[in-house]
2 protein chains.
Amino acid sequence: MSTDKKHDYSKRSIEAHKKYGGKVAITSKMPLDSKDDLSLAYTPGVAQPCLEIAEDVSKAYDYTWKKNTVAVVSDGSAVLGLGNIGPEASLPVMEGKAVLFKKFANIDAVPVVLASQDTEEIIQAIKMIAPTYGGINLEDISAPRCFKIEERLKEELSIPVMHDDQHGTAVVTLAGLMNSLKLTGKSFKELKVVINGAGAAGIAIINLLRHVGVEVVIMCDSRGIIHRNRKDLSPIKQKMAAVTNINNMEGGLEDAIKDSDVFIGVSVPGVLNGEMIKSMNRDPIIFAMSNPIPEIMPEEAHKAGARIVATGRSDFSNQINNVLAFPGIFRGLLDARSSEITTEMYVAAAKAIADQVADLDEEHIIPSAFDENVAPAVAKAVSDLANKNK
Amino acid sequence: MSTDKKHDYSKRSIEAHKKYGGKVAITSKMPLDSKDDLSLAYTPGVAQPCLEIAEDVSKAYDYTWKKNTVAVVSDGSAVLGLGNIGPEASLPVMEGKAVLFKKFANIDAVPVVLASQDTEEIIQAIKMIAPTYGGINLEDISAPRCFKIEERLKEELSIPVMHDDQHGTAVVTLAGLMNSLKLTGKSFKELKVVINGAGAAGIAIINLLRHVGVEVVIMCDSRGIIHRNRKDLSPIKQKMAAVTNINNMEGGLEDAIKDSDVFIGVSVPGVLNGEMIKSMNRDPIIFAMSNPIPEIMPEEAHKAGARIVATGRSDFSNQINNVLAFPGIFRGLLDARSSEITTEMYVAAAKAIADQVADLDEEHIIPSAFDENVAPAVAKAVSDLANKNK
């Protein structure tokens with residue numbers, strides 16, 4: 001993006017946020033114009049729904065906003081590309097997410113930003129407020145804390161919990177890959193995939209790819225290939241070393257990428273070059289998702305022989321955008337009153353997204369972020385599975 | 001209230017809650033119809049407000065919903081007259097409160113119900129979510145935990161915290177009493193006040209009355225007068241024994257009420273009778289606020305000589321209703337971006353409510369709960385004080 005254009009967005013965004021005073025508000029769904037209205041919405045009428053819920057807690061889904069409500073929770077530790085900016089400063093992003101939930105899935109998403117970045121304190125706080133909502137969308141929480149927080153909440157809560165930076169990205173990546181394989185005539189089983197970037201998104205993508213049958217995956221971090229002889233690996237990277245890189249290859253990205261079919265970048269600008277793409281297997285598939293500046297610019301990638309190029313940006317074709325996944329996923333979970341979210345649901349969501357592309361070609365492997373048919377299709381796929389699991 | 005009418009409200013309330021699916025929803029304030037809209041509300045534009053808040057946290061009030069947002073927090077331990085019904089079952093009440101906040105003060109009030117009734121866990125959870133909001137309205141939390149929770153949060157948070165069951169009730173009671181004294185020509189200093197009921201509301205009323213100069217107060221609980229020789233007093237009642245009942249009188253309500261000027265009931269139906277009223281000083285003032293059935297019915301009270309009778313009910317004159325206080329109080333606090341709420345503000349709010357009564361007489365000591373001029377007047381009184389305190 002040009003500096004001018006970015007500057008323009010910044011200035012206009014400040015003006016808009018000031019003018020509207022934030023992006024989300026609370027509205028009333030029930031009329032409150034007369035004493036009679038008040039007697040139904042509040043005392044004495046409200047006692048009856050209260051009593052029925054006290055007797056059968058599932059009735060909260062009938063009589064309260066719980067049925068349509070997702071908390072968008074962050075500690076502000078890993079916000080967009082901005083890093084650890086704290087809770088208040090992350091609020092504009094959580095409100096933006098809430099606006100997207102509303103637009104694409106008519107979900108009442110409620111921003112919640114937390115005053116601590118301590119893992120146990122975050123888990124405890126979310127458990128405390130959970131009865132209020134039908135689901136929890138974790139957002140912009142830094143690795144490795146995000147893994148433990150999500151894992152524990154999934155175990156300990158009876159409503160679905162999803163860390164969008166992991167699974168939203170993984171689902172849309174998988175959708176794009178499903179369609180890419182249709183074009184290149186390859187199967188997941190035969191692929192060699194290189195993932196550059198060992199953060200939350202990279203790890204979630206690997207887990208999802210392995211689930212759909214990808215056997216050969218090599219993960220790289222900023223120091224090169226993750227292998228079992230490295231002494232500098234965090235516990236989560238040690239886990240990755242154990243399940244990827246079956247030949248325990250050592251070296252850098254330039255070594256990993258040789259003869260591979262797919263490059264997935266969730267890392268930093270400019271780390272991929274044309275020479276590397278030239279060393280790949282036939283029909284290279286490049287997902288360069290570093291934002292706003294990708295690992296390689298699409299033009300350069302195509303020049304080096306890439307058949308399919310996707311990025312995180314809206315001004316190139318094939319934008320890998322989480323908004324294709326999270327609204328529909330939670331819509332489906334809420335519709336089914338699901339108590340959990342499963343890997344099968346992520347795969348079903350990816351397939352639903354992929355299937356929404358009508359005229360599939362190299363420049364159209366993924367629907368537009370503004371395609372309003374995507375969320376309902378994803379919702380149906382997820383709720384069908386959730387209902388089957390009951 | 002007749003059983004038929006109550007039954008009718010219950011049935012129609014259930015239908016309405018089901019039909020609307022709860023009472024509050026989230027809406028977007030910024031348009032999101034084009035890629036350009038998305039670039040302002042979300043990436044890349046949203047980065048700029050985030051960065052500015054990270055540098056100066058007070059700017060959250062300029063760019064987010066914080067400036068207009070109050071959390072309505074409950075653990076479901078003391079809900080209306082229903083008792084300890086738990087978090088989910090209290091949600092309809094919190095949503096009802098949110099609807100009232102919106103209607104009377106255009107505040108975005110956000111229901112939050114908590115999974116634990118442990119005092120320390122509640123304090124910790126509210127501290128964790130506090131950066132999200134401009135204020136905290138504690139609701140329907142049972143005594144004595146409500147006192148410690150409010151006290152600690154007031155000390156430890158930099159946004160205003162108010163337990164409405166205490167202070168909302170106390171403010172409106174004080175407003176009604178201010179106007180009652182105009183009619184009877186008495187002053188706070190010369191009053192003898194009896195308060196029946198030693199729960200959250202009763203204690204808050206005593207504290208507020210003492211603050212405005214009432215010197216003679218006797219508090220009764222279900223076992224009679226609270227005095228310093230009683231061995232069965234909880235710590236909070238011991239505190240009350242120390243600051244009320246200066247002559248350390250013993251006995252029952254019938255002893256306390258002799259020669260008193262004001263009876264305030266926050267207790268149970270039917271505990272007051274005509275004989276007791278006849279034993280009071282001239283121009284008895286009776287606030288019988290047990291709901292829905294008062295300590296004495298207005299007709300019986302008047303027959304026994306009561307000059308002014310107020311209740312909690314909308315079908316009698318002089319309804320003491322919290323809705324006259326909490327929307328305006330929080331509107332004023334948010335408008336001033338106040339970090340705290342003080343007893344002086346409660347008194348100013350009471351005076352603003354009392355002053356809204358244009359044609360003061362025995363049947364009109366308090367404005368109607370639907371008078372839309374009250375909240376703005378209360379807001380102005382509170383924000384003026386808050387701005388002066390800065």
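If you check A:ILE320, A:ILE329, which single one turns out to be of a type outside the set (S, T, N, Q), within 19 Å of the chain's Cα centre (by Cα) and within 14 Å of chain B (Cβ to nearest Cβ)?
A:ILE320
Between a residue in segment B:221-237 that is in contact (Cβ under 8 Å) with a residue 60 or more places away in the chain and under 26 Å from B:ILE149 (Cα atoms) and any residue that is open to solvent by less than 40 Å² (accessible area, probe 1.4 Å) and part of a loop (DSSP other than H, G, I, E, B), which pairs come within a Cβ distance under 9 Å, given they are 6 or more apart or on different chains?
Sorted first by the residue in segment B:221-237, then by its partner, the pairs are B:SER234/B:ALA198; B:ILE236/B:ALA198.
How many residues does segment A:239-273 contain that are in contact (Cβ under 8 Å) with a residue 12 or more places away in the chain and of a type in the set (Lys, Arg)?
The initial filter retains those residues of segment A:239-273 that are in contact (Cβ under 8 Å) with a residue 12 or more places away in the chain, namely A:240-246, A:248-273.
Retained after the next criterion (residues that are of a type in the set (Lys, Arg)): A:258.
Selection size over segment A:239-273: 1.
Restricting the search to segment A:113-147, which residues are touching a Pro at 6+ places or on another chain (Cβ under 8 Å), at the interface with chain B (Cβ under 9 Å from one of its Cβ atoms) and more than 25 Å from A:ALA336 (Cβ to Cβ)?
Answer for segment A:113-147, where residues must be touching a Pro at 6+ places or on another chain (Cβ under 8 Å), at the interface with chain B (Cβ under 9 Å from one of its Cβ atoms) and more than 25 Å from A:ALA336 (Cβ to Cβ): A:VAL113, A:LEU114, A:ALA115.
Mind listing whichever residues of segment A:32-74 are more than 30 Å from A:GLY86 (Cα to Cα), more than 7 Å from chain B (Cβ to nearest Cβ), within 35 Å of the chain's Cα centre (by Cα) and of a type outside the set (Lys, Arg)?
Hits for segment A:32-74 are A:ASP56, A:SER58, A:TYR61.
Could you tell me whether A:ALA375 is hydrophobic (A, V, I, L, M, F, W, C) and buried (at least 24 other Cβ atoms within 10 Å of the Cβ)? Please lay out each step first, then the result.
Details: hydrophobic (A, V, I, L, M, F, W, C): yes; buried (at least 24 other Cβ atoms within 10 Å of the Cβ): yes.
Criteria met by A:ALA375.
Pull out all pairs, ordered by first then second residue, where Cβ-Cβ is under 6 Å, the residues are six or more apart or on different chains, the first lies in segment B:4-26 and is assigned to a strand (DSSP E or B), and the second is polar (S, T, N, Q).
B:ALA25/A:THR27
Tell me whether segment A:63-78 contains one or more residues that are surrounded by fewer than 24 Cβ atoms within 10 Å (Cβ to Cβ), under 24 Å from A:ALA125 (Cα atoms) and of a type in the set (D, E, K, R).
Yes: segment A:63-78 contains one or more residues that are surrounded by fewer than 24 Cβ atoms within 10 Å (Cβ to Cβ), under 24 Å from A:ALA125 (Cα atoms) and of a type in the set (D, E, K, R).
When both residues are 6+ apart or on different chains and their Cβ atoms are under 7 Å apart, which pairs have a first residue that lies in segment A:318-332 and is closer than 11 Å to A:VAL70 by Cα, and a second that is in a loop (DSSP other than H, G, I, E, B) and at pLDDT 95 or above?
If the second residue must be in a loop (DSSP other than H, G, I, E, B) and at pLDDT 95 or above, the pairs left are A:PRO327/A:ILE107; A:PHE330/A:ILE107; A:ARG331/A:ILE107.
Checking the condition in a helix (DSSP H, G or I) and in contact with a Ser or Thr (Cβ under 8 Å, 6 or more places away or on another chain), which residue from A:ALA369, A:ALA379, A:ALA386, A:ALA352 passes?
A:ALA386
Exactly one of these conditions fails for A:PRO31: (1) in contact with an Asp or Glu (Cβ under 7 Å, 6 or more places away or on another chain); (2) assigned to a helix (DSSP H, G or I); (3) modelled with pLDDT under 95. Give me its number.
(2)
May I ask you to say which residue of A:GLY81, A:GLY96 is of a type in the set (Gly, Ala, Ser), within 16 Å of the chain's Cα centre (by Cα) and modelled with pLDDT of 95 or more?
On inspection, the qualifying residue turns out to be A:GLY96.
Please verify whether B:ARG337 is over 20 Å from the mean Cα position of the chain (by Cα), surrounded by fewer than 24 Cβ atoms within 10 Å (Cβ to Cβ) and in a loop (DSSP other than H, G, I, E, B), treating the condition exactly as stated. Steps first, answer last, please.
Numbers: over 20 Å from the mean Cα position of the chain (by Cα): yes; surrounded by fewer than 24 Cβ atoms within 10 Å (Cβ to Cβ): yes; in a loop (DSSP other than H, G, I, E, B): yes.
Criteria met by B:ARG337.
Could you tell me whether segment A:79-94 includes any residue that is buried (at least 20 other Cβ atoms within 10 Å of the Cβ), in a helix (DSSP H, G or I) and more than 8 Å from chain B (Cβ to nearest Cβ)?
So far as segment A:79-94 goes, yes, one or more of its residues are buried (at least 20 other Cβ atoms within 10 Å of the Cβ), in a helix (DSSP H, G or I) and more than 8 Å from chain B (Cβ to nearest Cβ).
Please enumerate the residues belonging to segment B:280-311 that are farther than 14 Å from B:PHE263 by Cα and either without any contact (Cβ under 8 Å) to a residue 12 or more places away in the chain or open to solvent by less than 40 Å² (accessible area, probe 1.4 Å) (or both).
B:GLU299
Could you check, for segment B:102-112, whether at least one of its residues is over 20 Å from B:LEU333 (Cα atoms) and more than 7 Å from every other protein chain (Cβ to nearest Cβ)?
Within segment B:102-112 (the criterion being over 20 Å from B:LEU333 (Cα atoms) and more than 7 Å from every other protein chain (Cβ to nearest Cβ)), the answer is no, since none of the residues qualifies.
The values are calculated or read from the model by the stated rules, or taken from the named source; none is laboratory data. Nothing here was measured: the structure is a model prediction, and the numbers come from that model. Cβ coordinates were reconstructed from backbone atoms using ideal geometry, including for glycine residues, and neighbour counts include every protein chain displayed. Accessible surface areas use protein heavy atoms only, side chains included; no ligands, DNA or RNA. Shrake-Rupley method; radii C 1.70, N 1.55, O 1.52, S 1.80 Å.
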